[in-house]
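Undergrad: Okay, here's the structure, questions in a sec.
Only the coordinates and a few stated rules stand behind these numbers; no lab work does. Since we're looking at a predicted model, the values are computed, not measured. Every residue, glycine among them, receives a Cβ derived from its backbone with ideal geometry; neighbour counts consider all protein chains shown.
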Amino acid sequence: MHVLTVLDHPDPTSFSHAVARRFNAGAEAAGHSTELADLNAEGFDPRWSMADIEGDNSGQAPPDVRAEQERIARADAIGLVFPLFWWGMPAVMKGWVDRVWSWGWAYDQLEDPEISLQRARTGVLLVPAGARSDEMEEEGYTQALETAWMRGTFGYFGFARRDLVLLQGSKGSEARRKALLERAYQAGVSLEAP
């Protein structure tokens, strides 16, 4: 399979970057080819604009959006790596989702709101979170993220297989961080076809 890893973190020395590297290393160890889309390093503009609206209406997406859609077209699996930020995605990843997975290209709620227009792919979200797993469970945050992302947004992506890998406690000890990086590696190794 060809794996596209989309990364949102401005600091190349961040834990999120380390997670993306380990995930790709695991995918490569399993025999998959990989491609990294480092949205910050590439200068992706997350702002939704009139050009996007006009593109939706005309069927001609702006050039930067088309380039991302072409990357997606090559991929059999997609990994999204971003830190949990105010219980959601950071702005660049959210803008990438909003602009790239556009109406008429990714989904069409008129025919069947539960069906993506994209072919089936495997999707993995690798999300470093400073909070501990018990904190997230007790407050209902884990369930809220699963509902919003796994049953909501990423269903429109055509992710036939969807995995949410919350890397909780990522601000913890060095041993904890190494264990989380091993989880990211294993997520790459264990990727399955949709």
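Undergrad: For Cα pairs less than 8 Å apart in space and 6+ apart in sequence, what is the mean separation divided by the residue count of the chain, i.e. the relative contact order in percent?
TA: 29 percent
Undergrad: Tell me which residues come under 5 Å, amide H to amide H, from Asp163 once H is placed; ignore anything under 5 positions away on its chain.
TA: Correct list: Gly123, Val124, Leu125.
Undergrad: Additional query: Suppose the Debye formula is applied to equal point scatterers at every Cα of the chain; what is log10 I(q)/I(0) at q = 0.07, 0.12 Å⁻¹?
TA: After summing over all Cα pairs, the log10 values are -0.19, -0.57.
Undergrad: Is the stretch 21-96 rounded, prolate or oblate when judged by the Cα gyration tensor, a ≥ b ≥ c being the square roots of its eigenvalues, rounded requiring a/c under 1.5 and prolate requiring a/b larger than b/c?
TA: Verdict is oblate for the stretch 21-96.
Undergrad: Give a residue-ordered list of calculated ³J(HN,Hα) values for the stretch 3-19 (Karplus: 6.51 cos²θ - 1.76 cosθ + 1.60, θ = phi - 60°; whole Hz; x for Gly, Pro).
TA: 10, 9, 10, 9, 10, 10, 6, x, 9, x, 9, 6, 5, 4, 5, 4, 4
Undergrad: Could you order the peptides 138-150, 18-30 from most to least packed, using the average number of other C-beta atoms within 10 Å per residue?
TA: 18-30, 138-150
Undergrad: In the stretch 34-64, whose amide N lies under 15 Å from the spot 7 Å out along Cα-to-Cβ of Phe85? List them in ranges.
TA: 38-48
Undergrad: What does the C-alpha gyration tensor say about the overall shape of the stretch 60-100? Classify as rounded when a/c is under 1.5, otherwise prolate if a/b is larger than b/c, or oblate.
TA: Here the stretch 60-100 falls in the oblate category.
Undergrad: For Tyr107, which sequence-distant residues (separation of 5 or more, or a different chain) have an amide H within less than 5 Å of its own amide H, given hydrogens modelled in the peptide plane?
TA: Correct list: Leu117.
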